[in-house]
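> Handing you this structure, nothing more for now.
The values are calculated or read from the model by the stated rules, or taken from the named source; none is laboratory data. Keep in mind it's a predicted model, so treat the numbers as computed, not measured. Cβ atoms come from the backbone with ideal geometry, glycine included; neighbour counts cover every protein chain shown. All accessible areas refer to the heavy atoms of the entire protein, side chains included, with ligands and DNA or RNA removed. Shrake-Rupley method; radii C 1.70, N 1.55, O 1.52, S 1.80 Å.
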Amino acid sequence: MAEDMNMSRRTVIAGAGAAVSALGASSPGAAATPPAGRQSPGVYRYNVGEVEVTALIDGVARRPVTAEFVRNAPLEEVKGALKDAFIDPNVLPITFTLLAVNTGGRLIVIDTGTGGRMATTAGQALENLAAGGIDARAVDTVLISHFHADHIGGLRLKDGSLAFPNAEVVVPEAEWAYWMDDGEMGRAAEGMRKGFQIVREIFQPMAKDVRRFKGAVEPVPGVTAIPTPGHTPGHTSFRISSGSDQLIVWSDVTNHPALFVRNPGWHAVFDMDPNEAEQQRKRMLDMVATDRLRVAGFHFPFPAVGHIAQRNAREFAFVPDNWNPAL
């Protein structure tokens with residue numbers, strides 16, 4: 001009897017194995033599914049008190065690391081800093097991350113991404129906005145930190161229509177005064193004139209409707225402007241406050257943190273007044289490190305939010321937030 005039962009078990013197991021083999025042989029597609037070839041939507045949410053913030057990646061630009069990229073540091077030191085951060089020392093990935101801020105009474109977008117005007121690997125902001133369940137037509141306010149193309153390019157679609165058709169556009173007065181000045185455009189170096197042209201292309205058709213603010217005011221309820229000039233003449237950071245919680249949105253106070261948080265005295269090629277930009281960068285780094293404030297940086301690795309730790313008298317470090325499944 002026992003022998004009969006053992007033979008029966010062996011027969012069942014052998015039959016099951018044959019069935020699995022047959023299934024595998026008849027289903028080659030399961031193992032040959034083609035790779036996706038791209039990332040899933042770049043959307044990440046977190047709360048600042050009662051305010052819901054959605055980080056949206058617009059994409060990335062890959063910039064060759066040359067001697068001109070950091071104006072006041074030897075190329076070998078710059079490449080060494082990138083190696084220390086496990087980044088290709090020859091090509092720096094520069095990420096673009098904008099924010100959608102839902103205060104409960106207002107839906108605000110802070111900066112807009114490239115609008116596909118720069119790298120072929122960028123221009124995904126609206127796609128990711130939709131993937132995050134946000135209708136661009138529901139945006140009340142677009143708040144701009146400064147007028148570089150990677151921050152304003154997404155205001156218009158490629159056909160010239162408005163990407164956020166129902167939104168009021170709010171900008172720093174000092175940025176408007178500089179970039180819309182024909183004299184400044186005429187005095188600009190040849191390489192900068194394209195930037196002036198993009199500003200006019202985007203803003204001139206809506207000039208009468210753009211609201212401008214000056215200084216450390218509250219351009220939108222719950223959001224306070226922090227003037228941080230240097231990167232551009234009117235570059236502005238923002239403080240989002242809700243209850244006892246705060247988030248500092250500092251746009252381009254630093255570019256990639258592996259370089260310019262770690263070495264705040266380094267001058268990026270993008271900074272129009274590098275000495276002023278350095279002073280503002282050190283001030284902001286000291287503030288957020290001392291007060292242990294959370295910070296969102298436009299060019300931080302996605303989802304571009306975390307804290308700043310001071311390592312010694314001259315160096316800081318970006319400490320990214322852990323991914324959190326709950327808001």
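> Of all residues in the range 56-82, count the ones that are touching a residue at least 40 places away in the same chain (Cβ under 8 Å) and acidic (Asp, Glu).
Initially, the range 56-82 is screened for residues touching a residue at least 40 places away in the same chain (Cβ under 8 Å), giving 56-62, 68-73, 78, 81-82.
Applying the additional criterion that residues be acidic (Asp, Glu) yields 58, 68.
Summing the residues that are touching a residue at least 40 places away in the same chain (Cβ under 8 Å) and acidic (Asp, Glu) in the range 56-82 gives 2.
> Here's a follow-up. Filter the range 157-180 down to the residues that are more than 24 Å from residue 124 (Cα to Cα) and either aliphatic (A, V, I, L, M) or surrounded by fewer than 13 Cβ atoms within 10 Å (Cβ to Cβ) (or both), then identify the one that is nearest to the chain's Cα centre (by Cα).
Keep residues of the range 157-180 that are more than 24 Å from residue 124 (Cα to Cα), which gives 172-180.
Then drop every residue that is not either aliphatic (A, V, I, L, M) or surrounded by fewer than 13 Cβ atoms within 10 Å (Cβ to Cβ) (or both), which leaves 174, 177, 180.
Numbers: 174: 23, 177: 26, 180: 25 Å.
Only one residue tops the list, namely 174.
> Out of 232, 224, I need the residue that is surrounded by 15 or more Cβ atoms within 10 Å (Cβ to Cβ) and either aromatic (Phe, Trp, Tyr) or touching a helix residue (DSSP H, G or I) at 6+ places or on another chain (Cβ under 8 Å) (or both). Which one?
Result: 232 is the single residue among 232, 224 that is surrounded by 15 or more Cβ atoms within 10 Å (Cβ to Cβ) and either aromatic (Phe, Trp, Tyr) or touching a helix residue (DSSP H, G or I) at 6+ places or on another chain (Cβ under 8 Å) (or both).
> Across the range 68-91, what is the total count of residues that are surrounded by 13 or more Cβ atoms within 10 Å (Cβ to Cβ), among the hydrophobic types (A, V, I, L, M, F, W, C) and in a loop (DSSP other than H, G, I, E, B)?
4
> Counting just the residues of the range 42-67 that are within 23 Å of residue 272 (Cα to Cα) and open to solvent by 50 Å² or more (accessible area, probe 1.4 Å), which one comes out nearest to the chain's Cα centre (by Cα)?
Ranking the candidates gives 62 first.
> Looking only at residues in the range 289-324 that are without any contact (Cβ under 8 Å) to a residue 24 or more places away in the chain and among the polar types (S, T, N, Q), which one is surrounded by the most Cβ atoms within 10 Å (Cβ to Cβ)?
Across the range 289-324, the extreme among qualifying residues is 290.
Matching residues to (1) part of a loop (DSSP other than H, G, I, E, B); (2) in contact (Cβ under 8 Å) with a residue 40 or more places away in the chain; (3) among the aromatic types (Phe, Trp, Tyr):
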| site | (1), (2), (3) |
| --- | --- |
| 95 | no, yes, no |
| 105 | yes, yes, no |
| 109 | no, yes, no |
| 112 | yes, yes, no |
| 128 | no, yes, no |
| 145 | yes, yes, no |
| 159 | yes, no, no |
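> Among the candidates 134, 152, single out the residue that is out of contact with any Lys or Arg (no Cβ under 8 Å at 6 or more places or on another chain) and open to solvent by 10 Å² or more (accessible area, probe 1.4 Å).
134
> Let me ask you something else. Which pairs have Cβ atoms under 7 Å, sit 6 or more apart or on different chains, and link a residue in the range 277-288 that is at positive phi to one that is open to solvent by less than 40 Å² (accessible area, probe 1.4 Å) and of a type in the set (D, E, K, R)?
Pairs that qualify, where the first residue is at positive phi and the partner is open to solvent by less than 40 Å² (accessible area, probe 1.4 Å) and of a type in the set (D, E, K, R): there are none.
> Let me ask you something else. Could you please let me know if residue 241 is in a loop (DSSP other than H, G, I, E, B) and out of contact with any Pro (no Cβ under 9 Å at 6 or more places or on another chain)?
On the way: in a loop (DSSP other than H, G, I, E, B): no; out of contact with any Pro (no Cβ under 9 Å at 6 or more places or on another chain): yes.
Criteria not met by residue 241.
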